[in-house]
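The values are calculated or read from the model by the stated rules, or taken from the named source; none is laboratory data. None of the values given here were measured: they were computed from a predicted structure. Here the Cβ positions follow ideal geometry from the backbone for every residue, glycine too, while neighbour counts run over all protein chains shown. Surface areas here come from the heavy atoms of the whole protein model, side chains and all, with no ligands, DNA or RNA. Shrake-Rupley method; radii C 1.70, N 1.55, O 1.52, S 1.80 Å.
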Amino acid sequence: MSSAKRGGPTVAKRLREARIEAGISQRELGVRAGIDPSVASPRINQYERGKHLPDPTTLERLGNVLDRPLPYFYAADDTLAAFIIAFASATAAQRRRLATYLTGASTT
């Protein structure tokens with residue numbers, strides 16, 4: 001199975017949305033994530049078109065630049081993607097309260 005068929009369209013969509021929201025170019029994103037400047041723009045373009053899927057380490061570096069946790073890029077549901085962003089920015093106490101609310105179990 002090709003990499004584009006294993007989550008590629010979702011990763012591509014999330015990557016493009018996050019980059020545009022951050023207001024940076026494909027080249028800038030790639031360079032800031034440690035991709036060689038001579039290939040940064042074409043590689044990010046291929047990722048955003050779903051032609052290639054970045055490996056998890058590269059995707060995590062891209063996420064660090066874009067302030068997005070790795071699971072965000074794999075969330076097919078828009079509500080889940082928004083929840084992942086909110087959860088990642090929550091304090092530890094907020095996370096514990098939310099986990100308790102959602103599961104009904106104590107997390108202490």
- Query: So what is the accessible area of the chain per residue, in Å², with the probe set to 1.4 Å?
  - Reply: 61 Å²
- Longest span of the chain, sites excluded, free of trypsin sites (Lys or Arg not before Pro) in DSSP loop with at most 15 other C-beta atoms within 10 Å? 52-108
- Message: To test your reading of the geometry: what angle, between 0 and 90 degrees and rounded to tens, separates the Cα axis of helix 56-66 from the longest principal axis of the chain?
- Response: 80 degrees
- About its Cα centre, how strong a charge dipole does the chain have in debye, to the nearest 20, once Lys and Arg get +1 and Asp and Glu get -1 at the Cβ? 120 debye
- For the range 76-81, what does the Karplus curve 6.51 cos²θ - 1.76 cosθ + 1.60, with θ = phi - 60°, yield as ³J(HN,Hα) per residue in whole Hz, taken in order and with x for Gly and Pro? 6, 8, 4, 5, 4, 4
- For the chain, find the longest principal axis of its Cα atoms and tell me its angle to the long axis of helix 40-49, 0 to 90°, nearest 10. 60 degrees
- Query: Rounded to a whole number, what % of the accessible area of the chain do carbon and sulfur atoms account for, probe 1.4 Å?
  - Reply: 55 percent
